[in-house]
Amino acid sequence: MKTLILMRHAKALKESDDLSDHNRLLSDKGKEDAKVMSESLKKEKFIPELIVSSTSKRTQKTAKIVSENLNLKPNSLLLESDLYEATTSDILHVIRSLSDNSNTVMLVGHNPSFTGMIGLLSQTFIENLPTSGIAVVQFNLPTWKLIQNKSGNLVWFMHPKLLS
């Protein structure tokens, strides 16, 4: 069994000092939401063995907050440039490239592709994965390489506004 946790980055500032999207930082609310969502993951017992994050500053910080709150090992956080401005095909390639040594993996990335991945991988349509939103999709498969369209089941969906 493989479990994929898709998390959209936490709320970010509208602009960065250098005006690049890649360098946008998390807002204070975003930092708090990432912490709250990591606590929800812990409560639901969805603990990733590995977190793979887009290289943008906001996704890296989101992933770091989650990793620290879940007490993961420092080497359990990897950066993947293919997740920045990724299409669903790019994300599927990243998923299929995961090591089978990890059965539960979190990807931290961006919309619209992360929302699209939920519908692509499962039978469930989600209109929007909000900032700090998390979708957990499980696959009754022995390897990440066999993941394909509609091969998983959405087992948990949560975002900060549903918690308040």
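We did not get these values from a lab; they are worked out from the coordinates using the rules stated. Keep in mind the model is a prediction, meaning the values are calculated, not measured. With ideal geometry, Cβ positions are generated from the backbone for all residues, glycine too; neighbour counts draw on all protein chains shown.
Kirkwood hydrodynamic radius of segment 16-67, from the reciprocal of the average inverse Cα-Cα distance over all distinct pairs: 11.8 Å. In a DSSP loop and with at most 14 other Cβ atoms within 10 Å, the chymotrypsin sites (Phe, Trp or Tyr not before Pro) in segment 63-164 are F125.
Taking only the alpha carbons of the chain, we obtain Rg and Dmax values of 14.4, 45 Å in that order.
DSSP bridge analysis restricted to the chain gives an antiparallel fraction near 50%, rounded to the nearest 5. Residues considered: T88, T124, T115. Largest GNM mean-square fluctuation over the chain, using C-alpha springs under 10 Å, is found at T124. Checked against a 32 Å cut-off, the cross-linked pairs K29/K145; K57/K145; K61/K161; K14/K145 give Cα-Cα distances beyond that limit for K29/K145; K14/K145. Dividing the mean sequence gap of close Cα pairs (under 8 Å, 6+ apart) by how many residues the chain holds gives a relative contact order of 32 percent. Helical runs assigned H by DSSP (4 residues or longer) give the chain a calculated mean residue ellipticity at 222 nm of -9500 deg cm²/dmol, each run adding -39500 (n - 2.57) before division by the residue total. Compute the acute angle (0 to 90°) between the alpha-carbon long axis of helix 57-69 and the principal axis of greatest extent of the alpha-carbon atoms of the chain; round to the nearest 10°. Around 70 degrees separate the two axes.
Convex hull volume of the Cα atoms of segment 121-164, normalised per residue: 81 Å³.
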